[in-house]
Amino acid sequence: MPGRTETFTTYSAVWEAGRTDCRAQRITGTEASAQQQDAVDAAAGESTIEQLAATCAVSGTAPWTTPIESAAEARTAAGLAIYCPGHPEMDHLRDAIAAYRG
């Protein structure tokens, strides 16, 4: 249903719902955790923590199902690999990173 808003508090709940579009909103804290900061650092300016979180929540869409075709996509993927290692499509993302890096 277009325009419908749902709130999820865990990534696994979003993954189970099969969302392909998501917006992340910080619900606790103002300081990034070490893992979050490492992920933002790995993304090297390509993605904010909110963008990584929103991308981590979705499945069945890029970058989880597509090849990496640019340095910018590779940096975002590197951030995602750190930010959400439990993503159900992480194996594909890691394979895509390895293929891009050759």
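The values are calculated or read from the model by the stated rules, or taken from the named source; none is laboratory data. Note that the structure is a prediction, hence the values are computed from the model and not measured. Here Cβ is always computed from backbone atoms with ideal geometry, including for glycine, and neighbour counts include all displayed protein chains. The accessibility values were calculated without ligands, DNA or RNA, using every heavy atom of the protein model including side chains. Shrake-Rupley method; radii C 1.70, N 1.55, O 1.52, S 1.80 Å.
Numbers for the structure displayed
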read-out	value
Test: residue in segment 5-13 that is modelled with pLDDT under 95 and aromatic (Phe, Trp, Tyr)	yes
Count of residues meeting criterion [over 10 Å from LEU80 (Cα atoms), modelled with pLDDT of 95 or more and part of a helix (DSSP H, G or I)] in segment 39-58	1
Where ALA43 falls short, out of the listed (1) open to solvent by 50 Å² or more (accessible area, probe 1.4 Å); (2) over 12 Å from ILE97 (Cβ atoms)	(1)
Candidate set: segment 69-96, residues that are in a helix (DSSP H, G or I) and charged (D, E, K, R); chosen: the one farthest from the chain's Cα centre (by Cα)	ASP95
Which listed residue is part of a loop (DSSP other than H, G, I, E, B), on the phi < 0 side of the Ramachandran plot and more than 12 Å from the chain's Cα centre (by Cα), from THR61, THR66	THR66
Output for segment 62-102, where each listed residue is free of Cβ contacts under 8 Å to residues at least 24 places away in the same chain, loosely packed, with under 15 Cβ neighbours inside 10 Å and within 16 Å of VAL40 (Cβ to Cβ)	PRO85
Meets criteria (in a loop (DSSP other than H, G, I, E, B) and open to solvent by less than 60 Å² (accessible area, probe 1.4 Å)) for THR20	no
